[in-house]
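The values are calculated or read from the model by the stated rules, or taken from the named source; none is laboratory data. Everything quoted here is computed from the prediction, not taken from an experiment. Virtual Cβ from ideal backbone geometry, glycine too; neighbours counted across all protein chains shown. Just the protein is used for accessible areas: all its heavy atoms, side chains included, with ligands, DNA and RNA removed. Shrake-Rupley method; radii C 1.70, N 1.55, O 1.52, S 1.80 Å.
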Amino acid sequence: MRGFTHKFVVVLIFLGLVDRASAQNYVDPQLLTNLEYRSVGPTRGGRVTSVTGHPNTPGVFFMGSTGGGLWKTIDYGHNWNNVSDGFFPTPSIGAIGIAPSKPDVMYVGTGSDGLRSNVIAGKGVYKSSNAGRTWEKVGLEKTGHIGAVEVHPTNPDIAFVAAIGSAFVPNVDRGVYRTKDGGKSWEKVLFLSDTIGFSDLEFHPSNPQIIYAGAWRAQRTPWTIISGGKVGGVFKSEDGGSTWRKVAKGLPADLIGKIDFAVSPADPQRVYALIEALPGGGLYRSNDAGESWSVVSSSRFLLDRPFYYCNVTANPLNADNVFVSATGFWRSNNGGRTWNAFNTPHGDDHDLWINPRDTLEWIESNDGGANITRDGGKNWSTQLNQPTAELYQVEIDDQFPYWLYAGQQDNGTAITVPSLPPYDSPVGPMGYYLPAGGCETGPAVPKPGNHNIVYSNCKGCFSVYDKRSGQERNYFIGATNIYGHKPNDLKFRFQRVTPIHVSPNNPKAVYYGSQYLHRTLDEGVTWETISPDRV
């Protein structure tokens, strides 16, 4: 297996070592030429936003992580192997499309569709003709983020891509694209503007000439997200994607945002659309192939943080059995009218694929990785065999051998792992990671001269964590909750990932950054602001 995709994390460590070493003038650059990357963990899964399988390949599944690349299992999730390293220039996966008629043919769109404040841009579409062993770039490099890839049910050379576009600036490469020659060329078959992309696509289950597309205006800025606008909604093609028209009967008519579709071969004329809208967001249903719609549920839990989630899936053998992925995982057995919570191994759910031949077999993904069930969710494969953690930054301490510290997205406190983990131990490498205070965002910075004390951040809250006792002291410089406020109303605007730096000259001096630079000399008890606004 090629080196792990998250090796860029080690680059950060390496650069930090070089910087410190160069400042002290004792490292010969020649000593660094033979260094090789190795994984030190954690083998605890990170965010996965796209999963799929194929009914003709039992036990084989794919997961696309947002920072760790594309992975494949051939044994129902007992082991995962990376298949994108060395081929993809970005580790961010947006969508995976396997040809229904030929499962060796795959198209993968890069750039995650969950446009949260920390996202990695995509670099186009990649194709494999041998079930992921090798890949070739097939274009659309400037599409930014890709929400869906759909392959024609009988012709693997025909595929469609829903391009969301750049997360941060307008760009003309948003739209719906079609290839008829296996990716050698693409035509933009649907385009609205340089600010409106497309979040999802779906074929009619029994007539591939009919295709549904969801238009979405989306853009990130440092302090806000634009998700939705006056222009957007549901579009339909009846000639294989050559022409499109907007369908609006029964759908929200004011502000409309992200959209996701679900269809079931059990009832081909029925279409579900999970729609972010104001007013009127919720789960919509059409019984006439998308011509007219009615809302079946406006429950708020189906659309919490829709820019990040917004995924609906219908059981291939029972069109009344519907699932929605959001902060929680929800199931309906009556066509979406009522819902029950369903436990998955980790919260913040993103995607679901159900085997159309055995609908008790699923692969589901969330912020903790991907997991497979063969009994309808009673039991799941582990997420502790996926080195796809999203680590926002890395610090090291001064013990020997040194330990590494980082905040792992959506996994409790920040963590610390040994640089030389005893992999031959019966508990494995995961048996040695420790909490380090703060929370998922980090950073976690060990105190020079005393690695048992760790300065950590949690979305603007500074903490001092003692590894020996497991006790943590929390200090707020500004608001105790930075969310739900207009930026101008906050005296100190702390990002969820707030920088911490300890002075190399005075280990008592700890710096913390909002739009100002703050300093404490007593481990967070008191603070002084030492810079002007927006340094």
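Among P89, V27, T49, which residue has its Cα positioned farthest towards the positive end of the charge dipole of the range 23-97, with +1 placed on the Cβ of Lys and Arg, -1 on the Cβ of Asp and Glu, and the dipole taken about the Cα centre?
T49
If you roll a 1.4 Å probe over the range 286-340 with all protein chains in place, what percent of the accessible area is carbon or sulfur? Mind dumping the intermediate values first?
Details: 980 of 2180 Å².
Here it works out to 45 percent.
Whole-Hz Karplus ³J(HN,Hα) for the range 360-373, in order, using 6.51 cos²θ - 1.76 cosθ + 1.60 and θ = phi - 60°, x for Gly and Pro?
Couplings: 8, 9, 10, 10, 10, 10, 7, 6, x, x, 10, 8, 10, 10 Hz.
Enter the per residue convex hull volume of the range 100-179, computed from alpha-carbon coordinates, in Å³ rounded to the nearest integer. Could you put the intermediate results ahead of the total?
Numbers: hull volume 6.6 nm³, N = 80.
Cα convex hull per residue, to the nearest whole number: 82 Å³.
Let me know the volume per residue of the alpha-carbon convex hull for the chain, in Å³.
Values: hull volume 84.3 nm³, N = 535.
Residue-normalised Cα hull volume stands at 158 Å³.
If N is the number of residues in the range 443-509, what value comes out of its Cα radius of gyration divided by 2.2 N^0.38 Å?
On the way: Rg = 13.4 Å, N = 67, 2.2 N^0.38 = 10.9 Å.
Against the empirical 2.2 N^0.38 Å value, I get 1.24 for the range 443-509.
If you average 1/r over all unlike Cα pairs in the range 235-311 and invert the result, what Kirkwood radius do you get in angstrom?
On the way: mean 1/r = 0.0773 Å⁻¹.
That comes to 12.9 Å for the range 235-311.
Cα-based Rg (one decimal) and Dmax (whole number) for the range 20-103, in Å?
In order Rg, Dmax, the Cα atoms of the range 20-103 give 18.4, 61 Å.
Amide H of R47: which non-local residues (sequence gap of 5 or more, or other chain) have their own amide H closer than 5 Å, using H built in the peptide plane?
Residues meeting the amide H criterion: T66, E390.
Could you tell me which of the pairs K137/K258; K142/K447; K236/K378; K123/K236; K249/K486; K123/K246 are separated by over 32 angstrom between their Cα atoms in the structure shown? Could you put the intermediate results ahead of the total?
Values: K137/K258 28 Å; K142/K447 43 Å; K236/K378 37 Å; K123/K236 27 Å; K249/K486 35 Å; K123/K246 29 Å.
From K137/K258; K142/K447; K236/K378; K123/K236; K249/K486; K123/K246, over 32 Å: K142/K447; K236/K378; K249/K486.
Got a sec? Charge dipole of the chain, +1 on Cβ for Lys and Arg, -1 for Asp and Glu; which of S185, L278, L140 is way out at the positive end?
The residue sitting most towards the positive pole is L278.
For the range 118-241, with all protein chains present and a 1.4 Å probe, just round the carbon and sulfur fraction of the accessible area to a whole percent.
Details: 2360 of 4560 Å².
Within the range 118-241, the accessible surface is 52 percent carbon and sulfur.
Over the range 144-253, one equal point on each Cα, no solvent: what is log10 I(q)/I(0) by the Debye formula at q = 0.20 Å⁻¹?
Debye intensities relative to I(0), on a log10 scale: -1.01.
At q = 0.12, 0.19 Å⁻¹, what log₁₀ I(q)/I(0) does a Debye calculation on the Cα points of the range 373-483 give, no solvent, two decimals?
Log10 I(q)/I(0), no solvent term: -0.48, -0.97.
Average projected area of the Cα convex hull of the range 286-354, in nm²?
Working: hull surface 19.9 nm².
Computed as one quarter of the Cα hull surface, the answer is 5.0 nm².
How far, in degrees from 0 to 90, does helix 7-24 lean away from the longest principal axis of the Cα atoms of the chain, to the nearest 10?
Helix 7-24 sits roughly 20 degrees off the main axis of the chain.
Quick one: Karplus J couplings for the range 205-214, per residue in order, coefficients 6.51, -1.76, 1.60, θ = phi - 60°, nearest Hz, x for Gly and Pro?
x, 10, 9, x, 6, 9, 9, 10, 9, x
Which whole number in µm²/s is D for the range 356-402 by Stokes-Einstein, with the Kirkwood Rh taken over Cα pairs at 10 °C and 1.306 mPa s?
Numbers: Rh = 13.5 Å.
Rounded to a whole number, D works out at 118 µm²/s.
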